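The values are calculated or read from the model by the stated rules, or taken from the named source; none is laboratory data. Predicted, not measured: the structure shown is a model, and the values here were computed from it. When we count neighbours, we look across all protein chains shown, and the Cβ atoms used for this are built from the backbone with ideal geometry, even at glycine.
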Amino acid sequence: MSIFSKLNFKDQAFRLREDAILDATTTVLASKGFDLMTMDDVANLIGISKPSLYKHFKSKEDLVGAAMIRLLEGATTQLDSFPAEYTAKEKLSALLEWALRVRLDGGLPFLPSTSNAVRDMLMRNLKYVGKVIKLNSQLEKLVVMAQKEGALSKNLSADVILYSYYARSCDPAVEYLQRFSKMDSDMIVENMLRICFQGLED
């Protein structure tokens, strides 16, 4: 095996471990929150030493920032993958469905609006901010397009629709329904999408 191949293998192993670290970070964040989460929690969950963890991420802030950036990149990838024939509203609905399923599988909210500490920390992460601005611009264009097509109300500000859309991705009703209702994940997603796009009326 050549030195180049060995380096590639090392790079792949490094990335795989990094993905495992971010998966563990997501799990700990979802269960304990940012304030109570520690680097020890993450290291212990995947069975590595804390010094090994620090080879990948210098601090808890860097770790959480990377987890949120990965989530945003996932959202952008999903959005780019939708068929061209999808209407603007169909793209918005499909992306929200993806975000809800991520949460139901133990992932993080689409945007961390429920935690001031996380939000303030992430606003200092320029890479994260850049990803947010890009995704926000894409979604805002879809909202405006859906309004022009008559699929969303023209009587509401595009900002109101957009931030209400974000709120659905962070809605605590998802966890309550998962924990206390008899609905399965598909039914929860179906009802949350209906609440978002049709409201409470029949």
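Just checking, does segment 120-127 include any residue being at pLDDT 90 or above and assigned to a helix (DSSP H, G or I)?
Yes.
Report whether or not Ile133 is within 20 Å of Glu97 (Cα to Cα) and in a helix (DSSP H, G or I).
no
Look at Asp11 and say whether it is part of a loop (DSSP other than H, G, I, E, B), surrounded by fewer than 16 Cβ atoms within 10 Å (Cβ to Cβ) and outside the structural domain of Asn125 (by TED's automatic domain parsing).
no
I need the full set of residues from segment 11-27 which are in contact with a helix residue (DSSP H, G or I) (Cβ under 9 Å, 6 or more places away or on another chain) and of a type outside the set (Phe, Trp, Tyr), in order please.
Matches in segment 11-27: Arg17, Glu18, Asp19, Ala20, Ile21, Leu22, Asp23, Ala24, Thr25, Thr26, Thr27.
Test Leu71 against the criterion of being surrounded by 17 or more Cβ atoms within 10 Å (Cβ to Cβ) and in a loop (DSSP other than H, G, I, E, B), and give yes or no.
Criteria not met by Leu71.
Please determine whether any residue of segment 178-200 is within 30 Å of Lys58 (Cβ to Cβ) and in contact (Cβ under 8 Å) with a residue 60 or more places away in the chain.
No, that holds for no residue.
Where residues in segment 131-141 are out of contact with any Leu (no Cβ under 7 Å at 6 or more places or on another chain) and closer than 17 Å to Gln78 by Cβ, which of them is surrounded by the most Cβ atoms within 10 Å (Cβ to Cβ)?
Ranking the qualifying residues of segment 131-141, first place goes to Asn136.
Tally up the residues in segment 75-92 that are at pLDDT 95 or above and either in contact with a Gly (Cβ under 6 Å, 6 or more places away or on another chain) or outside any helix (DSSP H, G or I) (or both), please.
So the count comes out to 5.
Go through (1) modelled with pLDDT under 90; (2) surrounded by 17 or more Cβ atoms within 10 Å (Cβ to Cβ); (3) not polar (S, T, N, Q) for Ala30 and report which single condition fails.
(2)
Starting from segment 16-36, keep only residues that are in the same structural domain as Gly47 (by TED's automatic domain parsing), then list their pairs with residues that are of a type in the set (D, E, K, R) whose Cβ atoms are within a distance under 6 Å, requiring at least 6 positions of separation or different chains.
Short answer, once both residue conditions are applied: Leu22/Arg70; Val28/Asp41.
Please verify whether segment 142-162 includes one or more residues that are loosely packed, with under 13 Cβ neighbours inside 10 Å and under 23 Å from Gly74 (Cβ atoms).
no
Answer yes or no as to whether Leu139 is assigned by TED's automatic domain parsing to the domain that holds Phe180 and at pLDDT below 95.
It is false that Leu139 is assigned by TED's automatic domain parsing to the domain that holds Phe180 and at pLDDT below 95.
Taking into account only those residues within segment 93-108 that are under 8 Å from the mean Cα position of the chain (by Cα) and in a loop (DSSP other than H, G, I, E, B), which is surrounded by the most Cβ atoms within 10 Å (Cβ to Cβ)?
Leu108
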